[in-house]
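Novice: Shown below is the structure under consideration.
The values are calculated or read from the model by the stated rules, or taken from the named source; none is laboratory data. In this text, all values refer to a predicted model and were calculated from it rather than measured experimentally. FYI the Cβ positions are ideal-geometry reconstructions off the backbone, even for glycines, and counts take in every protein chain you see.
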Amino acid sequence: MKNKIALTLSAIMGICIFNLAMFVFNSCSDPYPQVIELEKFMYISLSGAADNPITKTVDLDKNATFPLSISYGGTTNYNQGEIIAQVAVDNSLVSAYNTEHNTSYLALPAGAVTLDKTTLTITDGTRVSDQLNVTIKTQMANFVNEYLLPVTIQSATEGKIPVSEEFKTVYYIIKGNVETLPLEEKWEVLDASSVWQPIFPVESVWDGERNSYWHTDLSGMPQWFAVNMNGYKLIEGFTWVNRQDGPAVPKHVLFETSMDGKEWTEVLDVPELPNSTLLQVLELPEKVIARYFKVTIQSNWANAPYTYVSEVSTWAGERPTGDYDWEKNTWKVIDYRSQWNADWAVSLIFDGNKNTTWHSDPFNAALNGMPQWFIVDMQKNRPAIKGFLIWQRQDDHGMEPKHVIFSVSADNETWTQVLEVKEMSNDYTKELDYKTTNPTPGRYLKVEIKATWGSNPWTYFGEITTY
């Protein structure tokens, strides 16, 4: 009996081992089938949806067109039959997108976007559909804003390939190809009411020099100029610098912008522009995009039949700070090498009057000669100096400073050079403008004259103003 049981068990074990061996043999030797269906991984998707969002930057002077298609994957068998999908713009998704992503995109205005068709077809034997074209009509949108364009699969031929909920919608961020930097080097004069003399051209308004300016003729007010910026600019405001030494600076000023240089829109009216030599920052009630701007000066502070402007530019993005009030009337001269006497004191350089003069000691052999220097306590920590406006002495000439070094310190001990002028102009007829090369904040200002334009052992300065 025991022998029969043993034989039976052996037979059963043999069969099992044989079957296992055949399974292993077949598993190792049989080739994979040519087609593996992974239906749970198959889905229809819209091209680009996996990369959401997609940014499209469009030119403002022509329509923008780009293609769109659908496809599916998860198989190598593309004989799934014909698949037809309905595709449409769905602006109802914009609000939900903004909420989810903490953004503030707008939906494109009605008519600003079109699809050349709304049906896409994947033919049997292929995996990618034909294309439709999305067109943005840029003239129908205000590209001061950024827009969100959702394009989605609304439905598809029913079958074993479903539409992916995750990838059925592609979101396009539509931005205008506009510049935020003024790039004044590209600007050109479009037109102007008048120019007094060739040495006062309109181009002086954007040359970066405060001592140059556009000067109108003497025919009366109003006077105006218009600029072609040679590019579409986002404008949130203007910066303005008056002529530094004239009474007839603009008072009532109008700003207009244009896309074509023909049709103008008023964007800012300033009834009383401050009579100031500082940089002024003007902000528009609403930001605009423009290729041209026009400035019309209705009146000036001297009621003169002429006017002038030193610097005008545009800005967008971070608001410029304007010029800092340096409060020169509070400054104190705390050290110097020499001054002739109290009537020629160093402090006269900072009194706001170009006709008063600091004069170094011409007679004391221990103190005259170069270098001459002085230190000013600006009374509190000041922001970085962007530049210096300088008047040379007005009533005598020949010994003007030539090689001059400007330095700044926080503690009157450690100094940082912010500007070196090896050949300062000795032209006393205009205000000189020198921009710092190493702007550094601090409390103390040191000016050192290393050499002059003459051979005598003294020098002088009319006025120095920081900005």
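Novice: Suppose the filter is in contact with a strand residue (DSSP E or B) (Cβ under 9 Å, 6 or more places away or on another chain), within 26 Å of residue 233 (Cα to Cα) and at pLDDT 95 or above; does residue 120 pass it?
Specialist: In short, no.
Novice: Condition first: without any contact (Cβ under 8 Å) to a residue 60 or more places away in the chain and under 29 Å from the mean Cα position of the chain (by Cα). Now tell me which residues in region 384-401 satisfy that.
Specialist: Answer for region 384-401, where residues must be without any contact (Cβ under 8 Å) to a residue 60 or more places away in the chain and under 29 Å from the mean Cα position of the chain (by Cα): just 384.
Novice: Looking at residue 290, is it exposed (fewer than 15 other Cβ atoms within 10 Å of the Cβ), small (Gly, Ala, Ser) and modelled with pLDDT of 95 or more?
Specialist: So residue 290 fails the test.
Novice: Name the single residue that is farthest from residue 177 (Cα to Cα) among those in region 43-94 being at pLDDT below 95, among the aliphatic types (A, V, I, L, M) and outside any strand (DSSP E or B).
Specialist: If we take residues in region 43-94 being at pLDDT below 95, among the aliphatic types (A, V, I, L, M) and outside any strand (DSSP E or B), then 50 is farthest from residue 177 (Cα to Cα).
Novice: Given (1) more than 17 Å from residue 382 (Cβ to Cβ); (2) at pLDDT 95 or above, where does residue 331 come up short, assuming only one miss?
Specialist: (1)
Here is a yes/no grid of residues against (1) within 12 Å of residue 171 (Cα to Cα); (2) surrounded by fewer than 16 Cβ atoms within 10 Å (Cβ to Cβ); (3) touching a Cys at 6+ places or on another chain (Cβ under 7 Å):
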| residue | (1), (2), (3) |
| --- | --- |
| 44 | no, no, no |
| 48 | yes, no, no |
| 53 | yes, no, no |
| 57 | no, yes, no |
| 64 | no, no, no |
| 109 | no, yes, no |
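Novice: Is it the case that some residue within region 127-136 is over 15 Å from residue 46 (Cβ atoms) and at pLDDT 95 or above?
Specialist: Within region 127-136 (the criterion being over 15 Å from residue 46 (Cβ atoms) and at pLDDT 95 or above), the answer is yes, since at least one residue qualifies.
Novice: When you scan region 148-159, do you find a residue that is charged (D, E, K, R), in contact (Cβ under 8 Å) with a residue 60 or more places away in the chain and either in the same structural domain as residue 94 (by TED's automatic domain parsing) or under 24 Å from residue 42 (Cβ atoms) (or both), even just one?
Specialist: Within region 148-159, not a single residue is charged (D, E, K, R), in contact (Cβ under 8 Å) with a residue 60 or more places away in the chain and either in the same structural domain as residue 94 (by TED's automatic domain parsing) or under 24 Å from residue 42 (Cβ atoms) (or both).
Novice: Would a scan of region 258-278 turn up a residue that is among the acidic types (Asp, Glu), within 17 Å of residue 296 (Cβ to Cβ) and surrounded by 18 or more Cβ atoms within 10 Å (Cβ to Cβ)?
Specialist: Within region 258-278 (the criterion being among the acidic types (Asp, Glu), within 17 Å of residue 296 (Cβ to Cβ) and surrounded by 18 or more Cβ atoms within 10 Å (Cβ to Cβ)), the answer is no, since none of the residues qualifies.
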